[in-house]
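The values are calculated or read from the model by the stated rules, or taken from the named source; none is laboratory data. Computed from a prediction, not measured in an experiment: that's the story for all the values here. Methodologically, a virtual Cβ is constructed for each residue, glycine included, from the backbone with ideal geometry; neighbour enumeration extends over all protein chains shown. Please note that ligands, DNA and RNA were not included when accessible areas were found on the heavy atoms of the full protein model with its side chains. Shrake-Rupley method; radii C 1.70, N 1.55, O 1.52, S 1.80 Å.
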Amino acid sequence: MDARVPDPAERILAGLDPQQRDAVLAVRGPVCILAGAGTGKTRTITHRIAYAVHTGVAAPSQLLAVTFTTRAAGEMRGRLRQLGVGTVQARTFHSAALRQLRYFAPQVLGGPLPALVEHKARLVTQAGAACRLTVDATLRRDLASEVEWAKSSLIGPDRYPDLAGKAGRRPPLDPATVASVYAAYEQLKQQAGLLDFEDLLLVTAVAIEEHRQVAEEVRARYRHFVVDEYQDVNPLQQRLLRAWLGGRDDLCVVGDPHQTIYSFAGASPEHLLDFRRHYPAAVVVRLERDYRSTPQVVGLANRLIDGAQAGRAGTVRLRLVGQRPPGPEPTFEEYADEPAEAAAVASRCARWIRAGTPAAEIAVLFRVNAQSESYEAALAAEGVPYLLRGVERFFERAEIREAGVLLRAAARSPQSGVPLVEEVIAVLSSLGWSPGAAPAGGAARERWESLAALVQLAEEFAGAAEQAGPAELSGAEGAGGQPVGLAEFVVELEQRAVAQHAPTVQGVTLASLHAAKGLEWDAVCVVGLVDGTLPIQHANTEEQVEEERRLLYVGVTRAREHLALSWALSRVPGARRSRRVSRFLQPLLPVRHPASAAGRGGSAGRGGSPAVCAGCGARLRTGAERALRRCAECPGEVDLGLFEQLRSWRSSRASEQKVPAYVVFTDATLVAIAEARPQDVADLVRLPGIGQRKLDLYGADVLALVTGGSSPDG
Ligand code: ATP
Ligand code: MG
């Protein structure tokens with residue numbers, strides 16, 4: 001190499017620590033970076049690419065960087081642009097294959113690229129019918145994921161029954177039947193002249209393997225390969241990578257075995273861990289310095305991974321050493337029930353925002369998508385904008401839309417005397433839902449959880465109506481005094497769907513732990529941390545349980561500074577508090593944490609109130625008492641008269657605006673106002689649940705009520 005390193009290259013090296021620099025300086029030949037979260041793996045490979053280009057080792061067009069998600073690829077392109085090498089291709093395996101196959105299709109397929117199967121649903125249903133099966137939405141999704149697993153693992157229908165068993169799969173039907181559906185799916189697809197996403201990778205690999213001209217052209221074009229998140233590579237992607245390389249070894253892979261979270265879909269960290277065996281000359285670099293997170297967050301991540309037991313990933317020790325200045329300790333909060341947890345998390349997010357953290361730098365992460373509904377509602381109630389990543393909005397999910405249609409139909413001929421919740425359960429039973437334990441299996445469980453969340457909404461709605469009177473909750477005029485029924489509940493659901501639908505560009509991210517991989521935020525809440533959710537109930541084998549631990553590790557290590565971990569002891573208010581904190585968290589709880597802080601934690605949330613007075617311990621009787629957590633005889637600091645005035649003002653605003661009352665202000669915010677008696681705008685914005693939007697909308701009204709001016713409603 002030229003002894004005189006040009007300037008841009010020097011600048012690139014200057015932004016790296018010595019180990020990262022070793023990886024960058026090994027510009028040719030096989031390199032493996034094996035390192036924990038936040039140690040700069042993605043940063044190192046983008047710098048390595050830029051360095052190779054700036055020193056003339058590689059032409060930008062000869063480099064191909066691949067990763068696993070479109071977003072990660074986009075992020076990589078952004079970083080490459082900043083380093084002055086924006087023309088280098090950073091793609092997902094799929095988009096790289098698509099581009100190549102489109103080009104070679106006339107040569108290898110005798111015509112243009114066939115149409116792609118975007119979703120397997122329709123073909124899987126037809127394949128089921130060909131096998132004399134009735135395939136409902138749940139079975140369809142579970143069968144499609146078996147087909148995807150098999151194809152990603154390079155397993156054809158004939159070998160499926162044998163290998164599915166060995167791999168510890170839990171197929172939705174007996175393996176031989178799944179294999180017949182899989183075979184029928186392949187046949188139907190072929191007859192229709194279509195390719196699915198797995199075919200795209202396989203056909204590209206085969207085209208290179210079997211057509212010498214194609215191989216020569218591809219290999220002349222691409223000479224240097226980089227793969228990020230290599231711990232999650234599956235056999236199909238690995239085969240394509242090998243076809244690209246064609247025996248060459250200019251490959252740089254980076255990964256963290258502790259972040260393997262796609263084993264269920266066929267991925268395996270073995271390729272990463274065995275890299276040296278395949279490439280004995282490989283430079284292997286280990287990074288330890290964690291540049292992302294505070295030592296407090298790093299300490300927790302280390303302790304979490306110290307507990308890892310099974311599998312090869314568990315045997316690799318990658319300790320992180322925090323490089324940032326100290327920050328706040330991670331918090332551990334236990335709540336009485338899920339709505340209380342969601343409300344407290346939403347108000348925590350609102351506090352962070354008021355304290356200066358941009359909403360886009362905050363994330364709420366959960367294990368299953370069904371958990372998002374409580375957080376969508378709670379954030380909407382706090383007036384905090386949010387975005388969903390890799391999760392469908394609750395009210396847009398197929399099962400919730402189906403349930404909505406049935407509930408609306410049922411509401412047209414209500415049954416008198418039947419409690420709301422029972423009516424809702426009866427309607428949902430026609431969708432095959434029943435209370436009790438969630439079924440095993442991915443899609444079936446997701447669907448069950450979504451519908452359970454709907455029943456939970458009905459329970460909350462009925463409970464809140466009992467406390468407050470239906471006119472306040474539904475905004476429906478003239479409904480006061482009547483017990484709430486299906487019609488009011490349907491109105492409530494429609495209002496929630498509208499309130500939660502506000503599109504936002506800048507907001508708190510709501511994402512599943514899977515979708516959060518590779519990303520980082522200043523402040524992160526990981527929620528719902530109970531056994532049965534994390535680890536998920538259907539994680540049976542030791543290896544499956546360990547994958548769940550790794551998911552928590554991914555979640556914890558997304559936080560730069562603030563990390564809040566929380567869980568709830570019951571699903572709904574008033575239910576038996578039978579849940580337990582996640583087994584992964586149990587050994588990490590600070591000693592001072594009381595055995596049960598549900599009363600305290602729940603105090604921030606709606607619906608999480610203890611049913612006794614916080615002052616004298618007497619049983620609480622009215623909705624207002626429960627909201628205040630005090631009986632009328634123990635008014636405490638809160639001005640009970642003012643609180644009542646605020647509540648009636650809130651119900652008239654809610655019905656004017658046709659929104660649920662909690663969208664105006666939650667009970668917790670009203671309590672805070674009645675306690676603090678704010679005298680001006682500055683006092684008001686200091687209270688929880690009052691951001692700029694609420695201030696604009698309601699500030700004048702509230703101040704008029706507090707300072708005893710004329711009531712805004714006359
Ligand atoms: P993950 O395993 O979560 O994908 P990673 O190892 O890919 O993490 P990066 O995202 O590359 O880590 O880096 C984490 C953060 O640390 C980024 O904000 C990055 O810019 C910063 N960082 C990495 N290395 C350095 C360094 N040498 N000096 C300063 N900041 C760094
Ligand atoms: Mg990364």
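Observations on the structure shown:
- Contacts under 8 angstrom Cβ, first residue in the stretch 137-155 being without any contact (Cβ under 8 Å) to a residue 12 or more places away in the chain, partner open to solvent by 20 Å² or more (accessible area, probe 1.4 Å) and in a helix (DSSP H, G or I), 6 or more apart: 155/163
- Unique match (being in contact (Cβ under 8 Å) with a residue 40 or more places away in the chain and away from ligand 2 (no atom under 11 Å from the Cβ)) among 89, 62: 62
- Of the residues making up the stretch 499-509, one or more are at pLDDT 75 or above, touching a helix residue (DSSP H, G or I) at 6+ places or on another chain (Cβ under 8 Å), within 16 Å of ligand 1 (Cβ to nearest atom) and open to solvent by less than 10 Å² (accessible area, probe 1.4 Å).
- Candidate set: the stretch 153-203, residues that are among the small types (Gly, Ala, Ser) and assigned to a loop (DSSP other than H, G, I, E, B); chosen: the one farthest from residue 101 (Cα to Cα): 168
- Checking each residue in the stretch 67-125 for being within 16 Å of ligand 1 (Cβ to nearest atom), assigned to a helix (DSSP H, G or I) and among the aliphatic types (A, V, I, L, M) picks out 72, 73, 76, 80.
- Of all the numbered requirements in (1) open to solvent by 40 Å² or more (accessible area, probe 1.4 Å); (2) closer than 19 Å to residue 641 by Cβ, residue 687 misses one, and that requirement is (1).
- Residue tally, condition away from ligand 1 (no atom under 14 Å from the Cβ) and either part of a helix (DSSP H, G or I) or open to solvent by 30 Å² or more (accessible area, probe 1.4 Å) (or both), over the stretch 4-30: 9
- Leading residue by the ranking (nearest to ligand 2 (Cβ to nearest atom)) among those in the stretch 223-242 that are open to solvent by 10 Å² or more (accessible area, probe 1.4 Å) and more than 30 Å from residue 540 (Cα to Cα): 224
- Out of 372, 416, sole residue that is among the hydroxyl-bearing types (Ser, Thr, Tyr) and open to solvent by 50 Å² or more (accessible area, probe 1.4 Å): 416
- Candidate set: the stretch 243-258, residues that are open to solvent by 10 Å² or more (accessible area, probe 1.4 Å) and touching a residue at least 12 places away in the same chain (Cβ under 8 Å); chosen: the one farthest from ligand 1 (Cβ to nearest atom): 246
- Residues located in the stretch 31-57, provided they are outside any helix (DSSP H, G or I), more than 8 Å from ligand 1 (Cβ to nearest atom) and surrounded by 22 or more Cβ atoms within 10 Å (Cβ to Cβ): 31, 32, 33, 34
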